[in-house]
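Asker: Can you keep this structure in mind? I'll have questions shortly.
The values are calculated or read from the model by the stated rules, or taken from the named source; none is laboratory data. This is a predicted model, so every value here is computed, not measured. A quick note on method: Cβ atoms are made from the backbone with ideal geometry, for glycine too, and the neighbour counts reach across all protein chains shown. All accessible areas refer to the heavy atoms of the entire protein, side chains included, with ligands and DNA or RNA removed. Shrake-Rupley method; radii C 1.70, N 1.55, O 1.52, S 1.80 Å.
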Amino acid sequence: MSTNNVSIGKTTDSFEDLQILSQKEAEKIAKTLEIKEGEKLSFGFWTSDFPELICEAVFGKNEEGNIEFKLDFEQTTL
């Protein structure tokens, strides 16, 4: 599984705001991805001013063939 990095928000933003930004960014990314059946793509979401990990997003295809994602905020370094 390859990991891609995304920069959003700032360390001065509230964690709630960063969660909302992460959700919106993941929704945008999901619309642009080409994922094969059974493949998973991982994205690290980082703050853009000073690199702190906000969350990790894992994208994959569901049984209907639609791209879905899960955001994991447990890995945060904020």
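Asker: ³J(HN,Hα) across the stretch 48-60 via Karplus (A = 6.51, B = -1.76, C = 1.60, θ = phi - 60°), whole Hz, x for Gly/Pro?
Answerer: Here the 3J(HN,Hα) series is 8, 7, 10, x, 10, 6, 8, 6, 10, 10, 10, 10, x Hz.
Asker: Whenever you get a sec, compute what percent of the accessible area on the chain sits on carbon and sulfur atoms (1.4 Å probe).
Answerer: Working: 2400 of 5110 Å².
Roughly 47 percent, rounded to a whole number.
Asker: Moving on to the next point. For the chain, compute the number of Lys pairs whose alpha carbons are separated by less than 20 Å, excluding pairs fewer than 8 positions apart on the same chain.
Answerer: Going through the chain pair by pair, I get 17.
Asker: Search the structure for amide H atoms under 5 Å from the amide H of TRP46, placed 1.01 Å from N in the peptide plane, and list their residues when 5 or more places away or on another chain.
Answerer: Here VAL6, SER7, ILE8, ILE54 satisfy the definition.
Asker: Sticking with this structure for a sec: Quickly estimate the mean residue ellipticity at 222 nm for the chain, helices only: each DSSP H run with n ≥ 4 gives -39500 (n - 2.57), and the total goes over all residues, rounded to 500.
Answerer: Working: 1 runs with 18 residues, N = 78.
Taking each H run of at least 4 residues, the total per residue is -8000 deg cm²/dmol.
Asker: With both partners inside the chain, how many of the DSSP beta bridges are antiparallel, as a percent to the nearest 5? Each step should come with its number before you reach the end.
Answerer: Values: 12 of 17 bridges.
Approximately 70 percent, going by the DSSP bridge assignments.
Asker: Right, here's the next one. Taking GluC sites (Glu not before Pro) as candidate sites, keep only those in a DSSP loop with at most 16 other Cβ atoms within 10 Å, then name the longest stretch of the chain containing none of them.
Answerer: Details: sites that count: GLU34, GLU37, GLU39, GLU52, GLU63, GLU64.
My reading of the result: 1-33 is the longest stretch.
Asker: Take every Cα-Cα distance within the chain, group them into 5 Å bins from 0 onward, and report for each bin the whole-number percent of pairs it holds.
Answerer: 3, 17, 29, 23, 14, 8, 4, 1
Asker: Further question on the same structure: If you count only protein heavy atoms with a 1.4 Å probe, what accessible area per residue comes out for the stretch 4-72, rounded to a whole Å²? Numbers along the way, then the final one.
Answerer: Working: 4290 Å² over 69 residues.
Value for the stretch 4-72: 62 Å² per residue.
Asker: Please list, in order, the residues from the stretch 1-36 whose amide nitrogen is less than 18 Å from a point placed 7 Å along the Cα→Cβ vector of LEU78.
Answerer: Of the residues in the stretch 1-36, 5-28 have backbone N under 18 Å from the label point off LEU78.
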